[in-house]
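Beneath this line is the structure, given in structure tokens, with notes to follow.
The values are calculated or read from the model by the stated rules, or taken from the named source; none is laboratory data. Keep in mind that this is a model prediction, so the values were computed, not measured. Positions of Cβ are generated from backbone atoms using ideal geometry, with glycine treated the same way; all protein chains shown enter the neighbour counts.
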Amino acid sequence: MGKKKLSRILLLILLLAFFSVGCAHRPESASHGAITGYSQTTGSEADAISSNPLVENDVDNIGDEFDQIDDEFDQFDDEFETDAIRVADPLALVNRAMFHFNDKLYFWILKPVAKGYRAVVPQTARVGVQNFFNNLMTPVRLANCLFQGKIGAAGAELGKFVVNTTEGILGFRNAARKYPGLNPGKEDLGQTLATYGIGNGFYIVWPFLGPSTLRDTVGMIGDLFLNPVAYYVDSPKAYIGIRAYDILNNTSLRIGDYEAIKEASPEPYVAIRNGYIQLRKKLIKE
């Protein structure tokens, strides 16, 4: 073989190598090849790549990474979601008036009476009364667990009632506290309606009762039919008296909570409204 012919062959090899490297490093278009990290091919080459298990694994991994990033963004959005802002408040003027009424009622009547009651009745007795009323409301929670299809929670409510009524002496002691499986979340008809897709409606502040929504108000009325006190007490005055005593007793155990909210917020009405909506959202998700 002559030197001239040999030099031509070497030049051809160098040219082929140059073009091969150039093609290998050519920028890929924004297509499937760019996403997966493989250059675009056609025909049998595409079939060969698609049947390559290494390529399939890389594509699956990239898809999983995108799914993970999407889930993280969803989680981020959920954490900073504020349903309180989206709840309608068309009765804001009336609600604010009721808020100020309840505020004066608390500071002028309820708090002074609760402080006097606390000075006379030991804390152990007041906690016992709270436990008793909580145990008495078992039918409300039990029924709503069943309405929501929470069979396990319903069984836990029934077991808690049996333990507290017997070992806890009619519910004055929360004996079921030492059994982790017998402490389900609190359920009411407002939460049940929410699980069936019924929204908050609009925000309402009731005199004496405090913050609520249209949905929770309907639920509160419905729960009255499940409240055993309403069945055993014929007189409305007696029922109101029992309910007032329950509120007084609970207030004596929480003096200072409301004051802390007012001091921490420049706009207590908005803070309590948003706090109520967020609390209800949390209870519904549980």
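In region 131-150, the residues that are within 19 Å of ASN250 (Cα to Cα) form Cβ pairs under 7 Å with partners that are crowded, with 19+ Cβ neighbours inside 10 Å and among the aromatic types (Phe, Trp, Tyr), at six or more places apart or across chains, as follows: ASN135/PHE161; THR138/PHE161.
Okay, residues lined up against (1) surrounded by 14 or more Cβ atoms within 10 Å (Cβ to Cβ); (2) in contact with a strand residue (DSSP E or B) (Cβ under 9 Å, 6 or more places away or on another chain); (3) on the phi < 0 side of the Ramachandran plot:
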| site | (1), (2), (3) |
| --- | --- |
| GLN130 | yes, no, yes |
| VAL163 | yes, no, yes |
| ILE169 | no, no, no |
| PRO180 | no, no, yes |
| GLN191 | yes, no, yes |
| ALA194 | yes, no, yes |
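Have a look at PHE133, PHE99, PHE107 and point out the one that is within 16 Å of ASP246 (Cα to Cα) and in a helix (DSSP H, G or I). Going through PHE133, PHE99, PHE107 in turn, just one is within 16 Å of ASP246 (Cα to Cα) and in a helix (DSSP H, G or I): PHE133. Looking across region 249-273, just one residue is farther than 17 Å from LYS104 by Cα, exposed (fewer than 10 other Cβ atoms within 10 Å of the Cβ) and small (Gly, Ala, Ser), and that is ALA264. Looking only at region 169-182, residues that are touching a Lys or Arg at 6+ places or on another chain (Cβ under 9 Å) and part of a loop (DSSP other than H, G, I, E, B) come to 2 in all. Every condition in (1) under 30 Å from ILE109 (Cβ atoms); (2) assigned to a helix (DSSP H, G or I); (3) in contact (Cβ under 8 Å) with a residue 40 or more places away in the chain; (4) not hydroxyl-bearing (Ser, Thr, Tyr) holds for VAL218 except the one numbered (3).
Listed by first and then second residue, the pairs linking a residue in region 221-237 that is at pLDDT 90 or above to a residue that is among the polar types (S, T, N, Q) and surrounded by 11 or more Cβ atoms within 10 Å (Cβ to Cβ), with Cβ atoms under 9 Å apart and 6 or more places separating them unless they lie on different chains, are GLY222/THR192; ASP223/ASN144; LEU226/ASN144; PRO228/THR138. Looking at this structure, is ARG126 modelled with pLDDT under 95, in a helix (DSSP H, G or I) and in the same structural domain as TYR269 (by TED's automatic domain parsing)? In short, no. Evaluate the following for GLY219: is it surrounded by 14 or more Cβ atoms within 10 Å (Cβ to Cβ) and within 21 Å of the chain's Cα centre (by Cα)? It is true that GLY219 is surrounded by 14 or more Cβ atoms within 10 Å (Cβ to Cβ) and within 21 Å of the chain's Cα centre (by Cα). Might you check whether a residue that is more than 23 Å from GLN123 (Cα to Cα), touching a residue at least 24 places away in the same chain (Cβ under 8 Å) and of a type outside the set (Gly, Ala, Ser) occurs anywhere in region 168-183? Yes, region 168-183 has at least one match. Among the residues of region 248-286, write down those that are under 12 Å from the mean Cα position of the chain (by Cα) and outside any helix (DSSP H, G or I). Within region 248-286, just GLU286 meets the criteria. Only one of the listed residues (GLY185, GLY197, GLY190) is part of a loop (DSSP other than H, G, I, E, B) and within 19 Å of ARG86 (Cβ to Cβ). That residue is GLY197. When TYR203 is tested against (1) among the hydroxyl-bearing types (Ser, Thr, Tyr); (2) crowded, with 20+ Cβ neighbours inside 10 Å; (3) more than 21 Å from the chain's Cα centre (by Cα), only condition (3) is not met.
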